[in-house]
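Peer 1: Once you've had a glance at the structure underneath, I'll fire off some questions.
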Amino acid sequence: MKLLTVAEMALRELSRRRGVLVLLLALPLLCYVVRHGQVGQSIRFLMLGLAWAVSTAALFASGTSRHIEPRLRLSGYRSHHLYLGRLVAMWLLGLAVATPFFTLVALDHGGEVRLGALAAAMALGVAVAAPFGLLIGALVPRELEGTLILLLTISLQVMIDPADSITRLTPFWSSREIGTYAVDHTGPEYLARGVLFTVVATALVAILSTIRLRTRLHLRYAGR
Amino acid sequence: MIDERWLQALGQELARHRLTPEMARHVVAEAAAHLRDSGQPALRAFGTPQRYAAAVAESLASRHHPARRPPGRVRLRASQITKRYGRRTVLRPTDLTVRAGEVAAIVGANGCGKSTFLRICAGLLSPDSGEVVVDGVLGYCPQDGGTYDFLLPEEHFVLVGAGRGLDRARSRRLGRADAATLQWEPAGGVQARHLSGGTRQKLNLVMAALGDPDVLLLDEPYQGFDRGTYIDFWQHVWRWRDEGRAIVVVTHLLNQLDQVDQVLDLTPGSREVAA
Amino acid sequence: MDQERRGQWLRGVLDVCVLALLARRESYGYELAQALDRAGLGQIQGGTLYPVLLRLQRTGLVAAHWREGEAGPARKYYRLTPSGEEAVRRLSTEWRAFAGRVDALLMEEVTSP
């Protein structure tokens, strides 16, 4: 119940920020259109754009909550209600945004790609992007700095040669690779790595949030 | 006529000072009669409605405050709280004990650690040493901030209420009722970012008090309040006290200090807790 | 006389003067103000007078009731209670003693070289 309330409010809040909504829709679209000539490239860029947009939305969501979460803790929420609620909201948002793009690609290149894999890739991309954005938000005090870090991550993602082993460390690599799998029909181990990355990012967010919102040791409730 | 408005304002001010409607009527009628007889303008004969109402309220003071309940059990006990930021000692060992039905005021010059101390008591900040024991549910209202720009006031109520285990309808109802006592009616679709500073603080205050916490920690919550709301706020504080809550208010405005139960002065050099 | 000084002195004795006036007969606010003015104490504003009356009422020295006027609106009339009468007697004695001492002090000042 508490978790759902947090999630609902996070979604309500974000849905009123028109700038963020525009970003969520326009950025991936732009990425897709820019490389529209080549199927593989356009899809990969779309995925990257989608991941970037969802991360940024998650970053903003954690930014506005920063000062209120301590109060919410006092009101009776536990840390996990707060970050899981927000995470669920961001996942839902990401999926909602990914759906029209999936449809777009299906209409555009339906015959050439593995649609099932594509859907999985998009879902995974969203699954990774949301906790990643929340993680940046938890680590960095200001949204501007967080946005720069995200920008840096995306740039690295784009610039790194996929053959280079370092690419495996970049957060959106897995979804990129699944995109490759979907488009170029390569092997399924990329899926496993994507899932692993999601789990790791979520765990880190959980840990960081719990630390920040912990019940301070000096405060004791009588009779408990 | 100007005197008509003056008399009307007087009526409102007397209500603010918690005079019974009957008493207020008498005072206004007498003033009106005096103005008629003397032919003087109201401002000359009585001064501003606020001043006159305050003088009347003071004259009637002991008759209108109900006998204060003896303070109940200890709701908040802070012992030997210290805090330093780097080399700077912000709080020297400080104690505060507040019982149910008591109001404590924390005063001191700017920068002497009032907000820090309150946040430590609320459990939002860790002290370098010392302990805080709280008996009951805590509510905290910051000086500013603490609200979501893009959410509606009612959504804030629901959010806080859910934390306290209240269902939505109840949260909204309680929130609106509390808001009304501060002369605020949250209008339908207005997001918090579109509220004026003072109104946002009202939202903050309502959020802190929602669900009837046993201990209320208020950090100068009246920023941006107009004079009337400021008085309403203190009336609220006294009412909470009568209901048996423990309240701690950080303030640097001194005019209510004769009515609080304890004053903790954090200015370096004056370490007493005066009653 | 300096206005501020007059105000200070008046603040100390206004309630006693009002009690004394009410000892003669019951009266309402504006009438009392006029009487004080006639007695040479200057114009007492309503903002000063009525709180005093309320305080006297609160401490039980004075009681009030509303009376319909024949010509005009209803007015609140004040009269002394028994404890009020006793207070007037006591306060006049105390005032005479007090003022006498102040007098003696000032006379000494004036006559000594």
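Peer 1: For region A:65-73, check the following and say yes or no: at least one residue is touching a Lys or Arg at 6+ places or on another chain (Cβ under 6 Å) and part of a helix (DSSP H, G or I). Break it down into steps so the answer makes sense when it comes.
Peer 2: The first filter runs over region A:65-73 and keeps only residues touching a Lys or Arg at 6+ places or on another chain (Cβ under 6 Å), leaving none.
No - not one qualifying residue is present in region A:65-73.
Peer 1: Which numbered condition in (1) more than 8 Å from every other protein chain (Cβ to nearest Cβ); (2) touching a residue at least 40 places away in the same chain (Cβ under 8 Å); (3) part of a loop (DSSP other than H, G, I, E, B) is the only one that B:Val190 fails?
Peer 2: (2)
Peer 1: I'm checking my understanding of the structure. Among residues of region B:229-268 that are among the basic types (Lys, Arg) and in a helix (DSSP H, G or I), which one is surrounded by the fewest Cβ atoms within 10 Å (Cβ to Cβ)?
Peer 2: So, considering only residues that are among the basic types (Lys, Arg) and in a helix (DSSP H, G or I), the one surrounded by the fewest Cβ atoms within 10 Å (Cβ to Cβ) is B:Arg239.
Peer 1: Hey, can you tell me all the residues within region A:99-124 that are in contact with a Gly (Cβ under 8 Å, 6 or more places away or on another chain) and closer than 30 Å to A:Ser79 by Cβ?
Peer 2: Correct list: A:Leu124 only.
Peer 1: Among the residues of region C:10-33, which ones are exposed (fewer than 12 other Cβ atoms within 10 Å of the Cβ), over 19 Å from C:Arg79 (Cβ atoms) and either at pLDDT 90 or above or more than 14 Å from chain B (Cβ to nearest Cβ) (or both)? So that I can check it myself, show each step before the final result.
Peer 2: Initially, region C:10-33 is screened for residues exposed (fewer than 12 other Cβ atoms within 10 Å of the Cβ), giving C:11-12, C:24-25.
Within this subset, residues satisfying the condition of being over 19 Å from C:Arg79 (Cβ atoms) are C:11-12.
Within region C:10-33, just C:Gly12 meets the criteria.
Peer 1: Being closer than 14 Å to B:Leu152 by Cα and at the interface with another protein chain (Cβ under 10 Å from one of its Cβ atoms) is the filter here; which residues of region A:7-32 pass it? Even if it seems obvious, please write down each step before you answer.
Peer 2: Of all residues in region A:7-32, those closer than 14 Å to B:Leu152 by Cα come to A:8-17.
Within region A:7-32, A:Glu8, A:Met9, A:Ala10, A:Arg12, A:Glu13, A:Leu14, A:Ser15, A:Arg16, A:Arg17 qualify.
Peer 1: Could you count how many residues in region B:139-155 are within 15 Å of B:Leu217 (Cβ to Cβ) and either modelled with pLDDT of 90 or more or in contact with a Ser or Thr (Cβ under 9 Å, 6 or more places away or on another chain) (or both)?
Peer 2: 5
Peer 1: Here is a follow-up. Return yes when C:Ala97 is small (Gly, Ala, Ser) and within 23 Å of B:Ala45 (Cα to Cα) and no when it is not.
Peer 2: It is false that C:Ala97 is small (Gly, Ala, Ser) and within 23 Å of B:Ala45 (Cα to Cα).
Peer 1: Another question about this same structure. Where in region A:104-184 are there helices (runs of 4 or more DSSP H), lying fully within it, with 3 or more residues that are farther than 15 Å from A:Ala51 by Cβ and modelled with pLDDT of 70 or more?
Peer 2: A:115-139, A:143-159
Peer 1: A further question on this structure: Starting from residues that are crowded, with 24+ Cβ neighbours inside 10 Å and among the small types (Gly, Ala, Ser), keep the ones in region A:104-137 and report whichever is farthest from A:Glu69 (Cα to Cα).
Peer 2: Across region A:104-137, the extreme among qualifying residues is A:Ala121.
Peer 1: If you don't mind, there's one more thing I want to ask. Conditions: (1) in contact (Cβ under 8 Å) with a residue 24 or more places away in the chain; (2) at positive phi; (3) within 26 Å of the chain's Cα centre (by Cα). B:Gly123 meets all but one. Number of the miss?
Peer 2: (1)
Peer 1: Turning to a different aspect of this structure: Do we have C:Arg55 as touching a helix residue (DSSP H, G or I) at 6+ places or on another chain (Cβ under 6 Å) and farther than 12 Å from C:Val18 by Cα here? Quick ask: steps written out before the conclusion?
Peer 2: Numbers: touching a helix residue (DSSP H, G or I) at 6+ places or on another chain (Cβ under 6 Å): yes; farther than 12 Å from C:Val18 by Cα: no.
It is false that C:Arg55 is touching a helix residue (DSSP H, G or I) at 6+ places or on another chain (Cβ under 6 Å) and farther than 12 Å from C:Val18 by Cα.
Peer 1: It is to be established whether one or more residues within region B:173-181 are under 17 Å from the mean Cα position of the chain (by Cα), within 14 Å of another protein chain (Cβ to nearest Cβ), in contact (Cβ under 8 Å) with a residue 60 or more places away in the chain and within 22 Å of A:Leu72 (Cβ to Cβ).
Peer 2: Filtering region B:173-181 down to residues under 17 Å from the mean Cα position of the chain (by Cα) leaves B:175, B:177-181.
Checking which are within 14 Å of another protein chain (Cβ to nearest Cβ) leaves us with B:175.
After this cut, where a residue has to be in contact (Cβ under 8 Å) with a residue 60 or more places away in the chain as well, the list is none.
Among the residues of region B:173-181, not one is under 17 Å from the mean Cα position of the chain (by Cα), within 14 Å of another protein chain (Cβ to nearest Cβ), in contact (Cβ under 8 Å) with a residue 60 or more places away in the chain and within 22 Å of A:Leu72 (Cβ to Cβ), which makes the answer no.
Peer 1: Separate question: Quickly run through region B:28-40 and pick out the residues that are assigned to a loop (DSSP other than H, G, I, E, B) and either at the interface with another protein chain (Cβ under 9 Å from one of its Cβ atoms) or at pLDDT 90 or above (or both).
Peer 2: Matches in region B:28-40: B:Gln40 only.
Peer 1: Would you point out which residue out of A:Arg71, A:Arg12 is under 25 Å from B:Asn204 (Cβ atoms) and surrounded by 24 or more Cβ atoms within 10 Å (Cβ to Cβ)?
Peer 2: Exactly one of A:Arg71, A:Arg12 is under 25 Å from B:Asn204 (Cβ atoms) and surrounded by 24 or more Cβ atoms within 10 Å (Cβ to Cβ), namely A:Arg71.
Peer 1: Now, a different point. Out of curiosity, is B:Ala179 in a loop (DSSP other than H, G, I, E, B) and surrounded by fewer than 21 Cβ atoms within 10 Å (Cβ to Cβ)? Break it down into steps so the answer makes sense when it comes.
Peer 2: Working: in a loop (DSSP other than H, G, I, E, B): no; surrounded by fewer than 21 Cβ atoms within 10 Å (Cβ to Cβ): yes.
When the stated conditions are applied, B:Ala179 does not pass them.
Peer 1: I'm checking my understanding of the structure. Among residues of region C:67-87 that are farther than 18 Å from B:Ala45 by Cα and of a type in the set (Lys, Arg), which one is nearest to the other protein chains (Cβ to nearest Cβ)?
Peer 2: Residue satisfying both the conditions and the ranking: C:Arg67.
Peer 1: How many residues are of a type in the set (S, T, N, Q), outside any loop (DSSP other than H, G, I, E, B) and either surrounded by fewer than 24 Cβ atoms within 10 Å (Cβ to Cβ) or free of Cβ contacts under 8 Å to residues at least 12 places away in the same chain (or both) if we restrict to region A:31-55?
Peer 2: Looking only at that region, the number is 2.
Peer 1: Next up: Please give the strands (runs of 3 or more DSSP E) falling wholly within region B:78-167 in which 2 or more residues are at the interface with chain A (Cβ under 8 Å from one of its Cβ atoms).
Peer 2: Of the strands (runs of 3 or more DSSP E) lying wholly inside region B:78-167, those with at least 2 residues that are at the interface with chain A (Cβ under 8 Å from one of its Cβ atoms) span B:129-134, B:138-141.
Peer 1: Out of the residues in region C:34-66 that are basic (Lys, Arg) and within 11 Å of chain B (Cβ to nearest Cβ), state the one that is surrounded by the most Cβ atoms within 10 Å (Cβ to Cβ).
Peer 2: Among those that are basic (Lys, Arg) and within 11 Å of chain B (Cβ to nearest Cβ), it is C:Arg55.
The values are calculated or read from the model by the stated rules, or taken from the named source; none is laboratory data. Please read these numbers as outputs of a predicted model, since none were measured by experiment. Counting neighbours? That spans all protein chains shown, and the Cβs are built from the backbone with ideal geometry, glycine included.
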